[in-house]
Amino acid sequence: MMTTAILSSTHSSSASAFPPAKLHSSSSYGAPSILSLPTISKNSGASRLRLRAQVSSSSPRMIEKETVESHRPDTFLRDSDNGSFSGAGNESNSVRARFEKMIREVQDSVCSALEAADGEGKFKEDVWSRPGGGGGISRVLQDGAVFEKAGVNVSVVYGNMPPEAYRAAKPSGSAADNGNVKAGHVPFFAAGISSVLHPKNPFAPTLHFNYRYFETDAPKDAPGAPRQWWFGGGTDLTPSYIFDEDVKHFHSVQKSACDKFDPSFYPRFKKWCDDYFYIKHRGERRGLGGIFFDDLNNYDQEMLLSFATECANSVIPAYIPIVEKRKDTPFTDSHKEWQQLRRGRYVEFNLVYDRGTTFGLKTGGRIESILVSLPLTARWEYTHQPEEGSEEWRLLDACINPKDWI
């Protein structure tokens with residue numbers, strides 16, 4: 001008899017938005033202990049693991065504790081915040097303000113499109129803020145007609161990074177690369193939108209997208225911590241079964257968005273995506289890729305803001321047509337089991353390698369929203385291998401050997 005483990009995640013009414021920042025390393029730097037050992041109980045012959053998360057009260061938080069709000073404010077920016085590196089002195093025109101406006105508009109449009117595609121499910125919304133500024137809006141649709149779990153979260157975060165976190169999060173090539181210069185705790189600003197969509201039907205793919213803007217707020221010319229800004233993000237597709245026309249459509253939309261700004265972007269960011277979503281201990285990618293970029297600050301800032309906006313606005317045309325086409329496709333228990341096994345890979349990547357998850361856990365972010373990317377259920381079977389030549393084998397082969405779809 002095969003041993004099967006099912007990972008179950010739940011959503012709390014007090015969830016906050018994804019910490020949208022980035023991290024180059026998962027090395028420990030004195031962060032609080034986050035995950036306790038899972039409890040295991042028997043359920044229908046399978047072991048059911050429920051992750052219990054807690055933040056150690058003995059370790060300092062790098063981000064202030066959040067407060068649940070009853071309504072959405074016009075902005076989560078600090079009253080005194082007049083700027084990012086452009087538009088200083090005019091908060092409404094700053095990159096920070098315009099990026100926040102963009103991600104909130106995208107959250108609204110994506111959630112509306114997902115509710116229309118689902119037909120029954122509605123997003124539950126939580127709004128939160130922090131005393132020193134910042135906050136977010138978490139929206140989760142769970143157990144809908146089409147989507148088992150869909151999270152679309154925005155956040156604006158002010159915090160302090162310890163030196164090791166700064167060195168991990170800074171763009172490569174900055175002055176702080178000098179290992180002889182030691183920075184103290186570095187104030188930072190981060191804003192972003194993060195989303196993971198898990199449909200019920202195994203023939204409808206999972207989608208992830210995340211777009212973020214990051215600044216260090218260190219005083220000008222502070223030793224080892226020069227002021228920096230950068231953009232990051234991407235959109236990627238994780239199907240359980242390959243429909244070539246779906247994958248080609250998805251990649252074509254990504255390429256179209258990239259080509260409006262630089263024809264080198266799509267091939268460069270497509271390869272970056274294949275490399276980033278690599279599950280090292282499995283020797284395979286999480287899915288069939290898309291685009292991914294990080295550390296982008298070597299182009300005009302206004303151009304990159306427009307590029308991130310174009311990519312975020314491309315999510316609906318890239319994904320909704322695929323869901324509409326596949327959401328009612330008949331499937332068997334075998335198809336569903338394969339979907340659950342692939343979701344297991346999704347869980348492994350997110351908990352072991354994902355930068356946003358790691359950053360959130362190490363800086364004291366809200367656990368429920370950090371883990372909202374996890375599916376309700378996933379499956380692990382001992383030494384499972386698909387039959388060579390099968391559709392399952394074809395998907396696994398494409399994850400091991402990424403290809404050009406267009």
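The values are calculated or read from the model by the stated rules, or taken from the named source; none is laboratory data. Keep in mind it's a predicted model, so treat the numbers as computed, not measured. Every residue, glycine as well, gets a Cβ built from its backbone with ideal geometry; the counts of neighbours run over all protein chains shown. Note: accessible area is taken over every heavy atom of the protein model, side chains too, but ligands, DNA and RNA are not part of it. Shrake-Rupley method; radii C 1.70, N 1.55, O 1.52, S 1.80 Å.
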- line: For region 191-344 the mean separation of alpha carbon contacts under 8 Å (6+ apart) over residue count, i.e. relative contact order in percent, is 28 percent
query: Which whole-Hz ³J(HN,Hα) couplings does region 358-369 yield from phi under the Karplus relation 6.51 cos²θ - 1.76 cosθ + 1.60, θ = phi - 60°, glycine and proline marked x?
result: 4, 4, x, 5, 7, 10, x, x, 6, 4, 4, 7
- request: May I ask you to compute the full-extension gain from ARG282 to GLU387, defined as 0.36 nm times their residue separation minus their alpha-carbon distance, rounded to one decimal in nm?
  value: 36.0 nm
- request: First measure r as the distance between the Cβ atoms of ASP275 and GLU125, then evaluate 1/(1 + (r/R0)^6) with R0 = 35 Å and state the FRET efficiency to the nearest 0.05.
  value: 0.50
- request: Whenever you get a sec, line up SER390, SER112, SER369 from highest to lowest accessible area (probe 1.4 Å, protein heavy atoms).
  value: SER112, SER390, SER369
Restraint check, LYS122/LYS200; LYS122/LYS248; LYS122/LYS255, Cα-Cα greater than 25 Å: LYS122/LYS248; LYS122/LYS255
task: Might you work out the accessible area of HIS281 for me, using a 1.4 Å probe with all protein chains in place, and round it to the nearest 10 Å²?
output: 100 Å²
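What does the net charge come to around ILE137 if you take all other residues with beta carbon closer than 10 Å to its beta carbon, with K and R at +1 and D and E at -1?
After counting each charged neighbour, the total is -1.
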- prompt: When the solvent-accessible surface of protein heavy atoms is calculated with a 1.4 angstrom probe, in what order do ASP244, ASP74, ASP118 fall, highest first?
  reply: ASP74, ASP244, ASP118
message: Using just the Cα positions, wrap region 275-406 in a convex hull and report its mean projected area in square nanometres, one decimal place.
response: 11.0 nm²
- prompt: Which of the aspartates and glutamates could be linked to LYS325 by a straight reach, that is with a Cα gap under 19 Å, when you skip same-chain ones fewer than 8 residues away?
  reply: GLU115, ASP118, GLU120, GLU148, ASP236, ASP244, GLU245, ASP246, GLU391
field: Positive-pole candidate from LEU376, PRO386, ILE406, dipole of region 363-406, charges at beta carbon
entry: LEU376
query: Which net charge results when you count Lys and Arg as +1 and Asp and Glu as -1 among the other residues whose beta-carbon is under 14 Å from that of SER112?
result: -2
- prompt: Where does the charge balance sit around ASP246 when Lys and Arg score +1, Asp and Glu -1, over other residues with C-beta under 10 Å from its C-beta?
  reply: +1
